[in-house]
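Report on the following structure.
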Amino acid sequence: MRSLDFGRCALSSCVAAAMLAGCGGSQPPIGAPGAMPQTSAIATHTAHGTSWMLPEAKRNDLLYLAGNDNETGFVYTYPAGKPVGALTGIVGPQYECADKKGDIFIAGSSEYSDGGIYEYAHGGTHPINFLPLPRAVGCSVDPVTGNLVAVTFSDAVYVFQNAQGQPTEYVDKDIYYSSDVAYDNVGDLFVNGIYTNQSFALVELSSGSSTFHNINVPGGNYLGGANFEPILWDGQFLDLGSYQEVKQTRKIRTVINQLQISGSGATIVGTVALAMQARAEYPQFWIQGGVITQPSNKPKFDSYFETFKYPSGSPIKRVDLGRQDDVWGAVVSPAR
């Protein structure tokens, strides 16, 4: 663990920099002068626009999509795909996560003090909490303790006890940058990204430990390499998103690799190939009730999300958003 120190670069530049030369510089620690208190941050963000939610939304399982271009969270019934709400004023929404209560958390990426994690109750229209964390890009909630962890394209993860207060920072000096995180069902934490030698990285922080250990993934560099890819615990396997590009069509097929973790090794026990997309630069996927949901991030065209059977990958339906937006995040909140 070490004192908090954040690089000063926005997500769009940080993604490219992390692939090439990295982000430099520093940011004042959370809680230092200039950092925004939680309560005032909520008021500031919700003033940017008007959120709305249909009354019947709370009675349904809900799919939340994070639209980066318009700083909006789009809300749909799940898996039917009926639009029932929108959450506005979220700075740079990226990946999302949810807790056992159905509260959802949206990572808002900004290099300044307005970056952080927004928490919403199921079907709610305004944040019930805001955790400041510059350049937050991904998160996960420990089902055992309720702790929330987030990453910021650095060599560290940030753990908020009970999803509150100031985070504890855990550093792995072997990591060049981390891109996503996932807790399993017993509270072990997995982090993926890139090692300092530019190879694919997957590491584990076991429950109760403060020391990371590396996990060897056969062919890891071919499962995503130096790219931004999501991970998710599906109840049995750690699922790693990657892609296959078909040069003849210039389309991309998302492939989910099911990893069985044992000690310091991982075995690929299955792959799930999803439909071709014209552009799919690692949007987050979510698996719930035997259904995979993945958005497309196509800012030059109307965006959409698709659902597939899990683990066969057979398509179920496609729902158009009816607007252009760079959609990154996807999470499902079950009805209470």
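The values are calculated or read from the model by the stated rules, or taken from the named source; none is laboratory data. Just so it is clear, the model here is predicted, and its values are computed rather than measured. We place every Cβ from the backbone using ideal geometry, glycine too, and count neighbours over all the protein chains shown.
Here are the numbers:
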{"quantity": "First in the range 70-88 and among the basic types (Lys, Arg), second anywhere and modelled with pLDDT of 90 or more, Cβ under 7 Å, 6 or more apart", "calculated": "Lys82/Tyr76"}
{"quantity": "Subset of the range 126-155 [β-branched (Val, Ile, Thr) and in a loop (DSSP other than H, G, I, E, B)]", "calculated": "Ile128, Val137, Val144, Thr145, Thr152"}
{"quantity": "Filter result (surrounded by fewer than 20 Cβ atoms within 10 Å (Cβ to Cβ) and in contact with a Gly (Cβ under 7 Å, 6 or more places away or on another chain)) within the range 92-107", "calculated": "Asp99"}
{"quantity": "Ala121 vs. criteria out of contact with any Ser or Thr (no Cβ under 7 Å at 6 or more places or on another chain), small (Gly, Ala, Ser) and without any contact (Cβ under 8 Å) to a residue 24 or more places away in the chain", "calculated": "yes"}
{"quantity": "Exclusive hit being modelled with pLDDT of 90 or more, assigned to a strand (DSSP E or B), surrounded by 18 or more Cβ atoms within 10 Å (Cβ to Cβ) and among the β-branched types (Val, Ile, Thr), set Ile316, Ile292, Ile268", "calculated": "Ile292"}
{"quantity": "Unmet criterion (only one of (1) modelled with pLDDT of 95 or more; (2) surrounded by fewer than 18 Cβ atoms within 10 Å (Cβ to Cβ); (3) at negative phi) for Gly187", "calculated": "(3)"}
{"quantity": "Count of the range 137-159 residues which are at positive phi and crowded, with 24+ Cβ neighbours inside 10 Å", "calculated": "1"}
{"quantity": "Residue that is aromatic (Phe, Trp, Tyr), more than 13 Å from Val191 (Cα to Cα) and part of a strand (DSSP E or B), where the choices are Tyr158, Tyr118", "calculated": "Tyr118"}
{"quantity": "Residue match in the range 68-85 (condition: closer than 25 Å to Asn162 by Cα, part of a loop (DSSP other than H, G, I, E, B) and touching a helix residue (DSSP H, G or I) at 6+ places or on another chain (Cβ under 9 Å))", "calculated": "no"}
{"quantity": "Residue ID - farthest from Val151 (Cα to Cα), chosen from residues in the range 162-185 that are touching a Pro at 6+ places or on another chain (Cβ under 9 Å) and not in a loop (DSSP other than H, G, I, E, B)", "calculated": "Tyr183"}
{"quantity": "Members of the range 160-184 found to be surrounded by fewer than 21 Cβ atoms within 10 Å (Cβ to Cβ) and farther than 18 Å from Ala136 by Cα, listed by number", "calculated": "Lys173, Asp174"}
{"quantity": "Some residue of the range 215-224 being buried (at least 20 other Cβ atoms within 10 Å of the Cβ), more than 24 Å from Thr77 (Cα to Cα) and modelled with pLDDT of 95 or more", "calculated": "yes"}
{"quantity": "Subset of the range 186-205 [more than 13 Å from Val217 (Cα to Cα) and in a loop (DSSP other than H, G, I, E, B)]", "calculated": "Val186, Gly187, Asp188, Thr196, Asn197, Gln198"}
{"quantity": "Contacts under 9 angstrom Cβ, first residue in the range 188-203 being closer than 14 Å to Ser262 by Cα and touching a residue at least 40 places away in the same chain (Cβ under 8 Å), partner polar (S, T, N, Q) and assigned to a strand (DSSP E or B), 6 or more apart", "calculated": "Leu189/Ser140; Phe190/Ser140; Leu202/Asn192; Leu202/Asn214; Leu202/Asn216"}
